[in-house]
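What follows is a single structure, written as structure tokens, with notes after it.
The values are calculated or read from the model by the stated rules, or taken from the named source; none is laboratory data. Model, not experiment: these values are computed from the prediction. Note that we place each Cβ from the backbone using ideal geometry, even for glycine, and neighbour counts take in every protein chain shown. Ligands, DNA and RNA are stripped out before the accessible areas are found, and what is left, the full protein with its side chains, is counted by its heavy atoms. Shrake-Rupley method; radii C 1.70, N 1.55, O 1.52, S 1.80 Å.
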Amino acid sequence: MSIQERKLRKVGNSVMIALSKDFLDSIGATVADTVYVDEDKLKEALVKKTQNEEQKKLEMLIDKSMQKHGELYKALVDK
């Protein structure tokens, strides 16, 4: 398995992380299964992503571009 970027999402009073279907298949799990989590090992496996100033500027420019040209981008994808 490779390192994958995932976003933490709030669901009710919990925080969730999405797992890929390939990962679930690799451990023999499906969506409805209950799994055990070793939180000590999970601490070693998860690393918070940090952004430097250049990344923040790029993200801001992409957001502005999407706001201004979003419909054009969607039309290009549909072609």
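Numbers for the structure displayed
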quantity	calculated
Total residues in segment 52-70, condition open to solvent by 100 Å² or more (accessible area, probe 1.4 Å) and of a type in the set (Val, Ile, Thr)	0
Counted residues, segment 44-53 - those being under 19 Å from GLN4 (Cβ atoms), part of a loop (DSSP other than H, G, I, E, B) and not basic (Lys, Arg)	4
In segment 17-38, residue most open to solvent (accessible area, probe 1.4 Å) [restricted to those that are of a type in the set (Ser, Thr, Tyr) and assigned to a loop (DSSP other than H, G, I, E, B)]	TYR36
Among (1) exposed (fewer than 10 other Cβ atoms within 10 Å of the Cβ); (2) at pLDDT below 90; (3) in a helix (DSSP H, G or I) - the single one LYS41 does not satisfy	(2)
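For every residue, the table says whether it meets (1) among the basic types (Lys, Arg); (2) touching a helix residue (DSSP H, G or I) at 6+ places or on another chain (Cβ under 8 Å).
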| residue | (1), (2) |
| --- | --- |
| ARG6 | yes, no |
| SER20 | no, no |
| LEU24 | no, no |
| ALA29 | no, no |
| VAL47 | no, no |
| GLN51 | no, yes |
| GLU54 | no, no |
| LYS57 | yes, no |
| ILE62 | no, no |
